[in-house]
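Down below is the structure, laid out as structure tokens.
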Amino acid sequence: MSDYNFTLPFPPSINTLRACVRGRMITSKKGREYFDAVKTQMNALGLCDERIDRPVVISLVMHPRTLAKFDVSNYLKAYEDALVKCGFLVDDHWIEYGSIKKGDKIKGGELVVSVNLK
């Protein structure tokens, strides 16, 4: 049994999470919108500011928006950073992965997250 189960929006690719502006790397508009959407979702679930500061094992099911092939690792950083930004985790270095599965296509995409405290 998981300590936390929730669904998040499907994250943007790491390729679109950051942008270079005048020689500086910043979070892109798409990245900021994703972080805001995750914060809204986690707030609605009462999970913002959990401030977990110990190892967690996360299992994911990634339901993409389309049937296009995708590289799972390109999408992990965005949701990890979003969990830190909304205060669910103190730092993403605590994350270990139990499993990462590709699920069926869902309109709009979604990320099903199960978190177990170690």
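The values are calculated or read from the model by the stated rules, or taken from the named source; none is laboratory data. Note that the structure is a prediction, hence the values are computed from the model and not measured. Note that each Cβ is placed from the backbone with ideal geometry, even for glycine, and that neighbours are counted across all protein chains shown. Surface accessibility is based on the protein's heavy atoms, side chains included, excluding ligands, DNA and RNA. Shrake-Rupley method; radii C 1.70, N 1.55, O 1.52, S 1.80 Å.
The combined condition, being surrounded by 14 or more Cβ atoms within 10 Å (Cβ to Cβ), under 17 Å from Tyr34 (Cα atoms) and touching a strand residue (DSSP E or B) at 6+ places or on another chain (Cβ under 9 Å), is fulfilled by Ala82. Considering the conditions (1) open to solvent by 30 Å² or more (accessible area, probe 1.4 Å); (2) in contact with a strand residue (DSSP E or B) (Cβ under 8 Å, 6 or more places away or on another chain), Leu47 is excluded by exactly one of them, (1). Beta carbons closer than 7 Å, at least 6 apart along the sequence or on distinct chains, pair a first residue in the stretch 72-90 that is free of Cβ contacts under 8 Å to residues at least 40 places away in the same chain with a second that is assigned to a helix (DSSP H, G or I) and open to solvent by 20 Å² or more (accessible area, probe 1.4 Å) for Glu80/Asp92; Val84/Asp92. The sole residue among Met42, Met25, Met62 that is in a strand (DSSP E or B) and buried (at least 16 other Cβ atoms within 10 Å of the Cβ) is Met62. Being part of a helix (DSSP H, G or I) and of a type outside the set (Lys, Arg) is not true of Leu67.
The listed residues are Val57, Val72, Val90, and the only one of them that is surrounded by 15 or more Cβ atoms within 10 Å (Cβ to Cβ), of a type in the set (A, V, I, L, M) and under 15 Å from the mean Cα position of the chain (by Cα) turns out to be Val57.
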